[in-house]
Amino acid sequence: EDHSSQPTDIDKEKLLDGLLAAGFDEVSCFSRYQSFLYRKTSPYKPSGYLVSKLRSYEDLHKRCGPNTQSYINALERFKSGHTIHSTECRYLVWISFSGLGNRILTLASAYLYALLTDRVLLVDRGKDMADLFCEPFPGNSWLLPLDFPLSDQFNSFDMKSPQCYGNMLKNHLINTSTDSVPSYLYLHLAHDYEHHDKLFFCEDDQNLFGKVPWLIMKTDNYFVPSLFLVPSFEQELSKLFPEKGTVFHHLGRYLFLPSNPVWALITRYYHSYMAKADERIGIQVRVFDSRPGPFKHVMDQILACTLREKLLPEVDLKDSTVTPLNNPRLKAVLLTSLSSGYSENLKDMYWEHPTVTGEVVGVYQPSHEGFQQTEKQVHNRKAWAEMYLLSLTDVLVTSSWSTFGYVAQGLGGLRPWILYKPENDTTPDPPCRRAMSMEPCFHAPPFYDCKAKTGIDTGAVVPHVRHCEDMSWGLKVV
Ligand code: GDP
């Protein structure tokens, strides 16, 4: 009998090259150890350093997480307002805020920040976090206990809150050279944040945070690109991610495991409509327009992009190629949108006319919810399932500015074609372009040089942090 502890190839694949820890109970979260059956093996391998960092974070989380003695002690000190720095556990509380795509990106950003600063990440469950995701860390929950003292104030936290870091700075209630720090700080990193809160991305301010046992964060932005510009994080980040543009790809697959009800939606849909295709094409249509749509200029754009880039075959409008092949190649298009018009149009086109390549094209759209309904459970389950299904395609087309698309591209390890944002109801020309990397875009980055204390173009500081394809002022890691 061979008792060798060498991992087999299947174990390696199943654990995503060491991203996932072994030994979880499979029944409580089927997606954890089944995802490898649905996705091609990623060409991007996590570094050994990242894998060991994840394992040591898991130990920290077990030791300091909810209901441990360390947590109980830290909570006592939190309530009493005393701060003792030394060996006590420090925490980062992530507030549930904004649409689901945004939340997935901000939670990944918060987790990376926790890794870089040796903090324990605790997740405010909001309406549905516990319903949508499995627990990612073994042995203890990532959910913030319901009796956390400030939970009922999370909604009202904003730039003007008394414990808001930027607000305190502005009012000279705190400064970066102080030794006496409060037991917690609220970090406001939402899109409407102003200069003082943006100093989060400066080294001196980071040094101050190091002394604060509890940080509470609200954000709707993927702020990872700007972490790459903080000198004290630079070296650690390049060890964790030698391939720079893989941050969300690795952390996303590690953290975001669909819960069993969502996994059921994903796998049923996949087997029904995607599994048998020779090629799968995802098209994510997100139209930021208050009118209901569908819009002709958007439909024209989808066709112009997919045909011109040869992602989909042309149709023969003269219907001259009449004899269908015996066993034609099948392309499955998974189109997601709040409106059903685009997929109906595409479906009709490929039914009414033959393709010039002889391929057949199936067009599928899981839901058409009409409008965003962030507070509804089934709606969010479907939104999560659709992001995940898009990530299982071979070729992906996404919409500008949409975090929904960023999640899909990152999980899938896909460099998408991005549909440019239409202006004045006109189809953009060119209609789309290939993304530089699969990383999400940070929509509201700071443009500040902390040392020189002046404005700078933060997209021109290092070669691996650049302006985004879909938003000229955004930043992304490439
Ligand atoms: P973003 O606004 O595109 O950056 O993405 P978010 O996910 O943060 O917010 C958009 C929300 O609208 C989603 O979470 C869904 O609730 C809904 N939504 C937008 N597009 C779709 C779609 O194609 N399918 C489904 N099911 N929901 C969508």
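Every number here is computed from the coordinates shown, using simple stated rules; none is lab data. All values reported here derive from a predicted model rather than from experimental measurement. Note that each Cβ is placed from the backbone with ideal geometry, even for glycine, and that neighbours are counted across all protein chains shown.
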Under Karplus coefficients 6.51, -1.76 and 1.60, residue-wise ³J(HN,Hα) of segment 439-452 in Hz, glycine/proline x:
6, x, 9, 8, 7, 9, x, x, 10, 9, 9, 5, 6, 7
Could you give me D for segment 254-316, from Stokes-Einstein at 10 °C and 1.306 mPa s, where the hydrodynamic radius is the Kirkwood radius over C-alpha pairs? Units µm² s⁻¹, please.
106
Sticking with the crude label model, points 7 Å out along Cα→Cβ, report the distance from Arg268 to Arg415 in nm, one decimal please.
3.7
If R0 is 22 Å, what FRET efficiency do you get for Thr117 and Phe447 from their C-beta distance, rounded to 0.05?
0.40
Values of log10 I(q)/I(0), in the order q = 0.16, 0.21, 0.29 Å⁻¹, for segment 104-157 under a Debye, Cα-only, solvent-free model
-0.54, -0.94, -1.36
Distance between the C-alpha centers of segment 432-478 and segment 8-52? Whole Å please.
31
Sequence order, segment 379-391: Karplus ³J(HN,Hα) from phi using 6.51 cos²θ - 1.76 cosθ + 1.60, θ = phi - 60°, Hz rounded, Gly and Pro as x, gives 4, 6, 4, 5, 4, 5, 4, 6, 4, 5, 4, 4, 6
Need the C-alpha centroid separation for segment 245-259 versus segment 149-207, integer Å.
28
Label point at Asp394 placed 7 Å out along Cα→Cβ; residues across segment 218-262 whose backbone nitrogen lies under 16 Å
none
Rg/Rh over Cα atoms for segment 337-478, Kirkwood Rh, comes to 1.04
Per 10 angstrom bin, beginning at 0 and ending with the bin that holds the maximum distance, the Cα pairs of segment 144-202 fall in percents of 21, 51, 25, 3
PRE zone check, label point 7 Å out along Cα-to-Cβ of Glu309, amide N under 18 Å, scope segment 265-288, hits 279-288
Principal axes of segment 224-379: Cα extent on each, largest first, Å:
65, 36, 34
In whole Å, largest first, what are the principal axis extents of the Cα atoms in segment 1-140?
56, 39, 28
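Going by how many other beta carbons lie within 10 Å of each one, how would you line up Tyr448, Tyr406, Tyr44, fewest first?
Tyr44, Tyr448, Tyr406
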Everything considered on the Cα gyration tensor (a ≥ b ≥ c; rounded for a/c under 1.5, else prolate if a/b is larger than b/c, else oblate), segment 153-240 must be described as oblate
Amide H neighbours of Met159 at under 5 Å, excluding residues fewer than 5 places away on the same chain, with H built from the backbone geometry, are none
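Using only the Cα atoms of the chain, construct the convex hull and provide its projected area averaged over every direction, in square nanometres to one decimal. Walk me through the numbers before you get to the answer.
Working: hull surface 102.6 nm².
Mean projected area for the chain: 25.7 nm², to one decimal.
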Can you list the HN-Hα couplings for segment 264-271, worked out from phi with the Karplus curve (6.51, -1.76, 1.60; θ = phi - 60°), rounded to whole Hz and with x for Gly and Pro?
5, 4, 5, 6, 4, 5, 4, 5
Using only Cα atoms, figure out Rg for segment 299-394 and give it as a multiple of 2.2 N^0.38 Å.
1.24
Please give the net charge around Leu475, taking every other residue with its beta carbon less than 11 angstrom from that of Leu475, where Lys and Arg add +1 and Asp and Glu add -1.
0
Just want the ordering: Leu143, Leu255, Leu173, from fewest to most Cβ atoms lying within 10 Å of their own Cβ.
Leu173, Leu143, Leu255
Ascending count of other beta-carbon atoms within 10 Å, so fewest first, for Tyr388, Tyr269:
Tyr269, Tyr388
Unpartnered Cys in the chain, judged by a 4.7 Å Cβ-Cβ cut-off, are Cys164
From largest to smallest, what semi-axes in whole angstrom does segment 85-133 give when each is the square root of 5 times an eigenvalue of its alpha carbon gyration tensor?
23, 12, 7
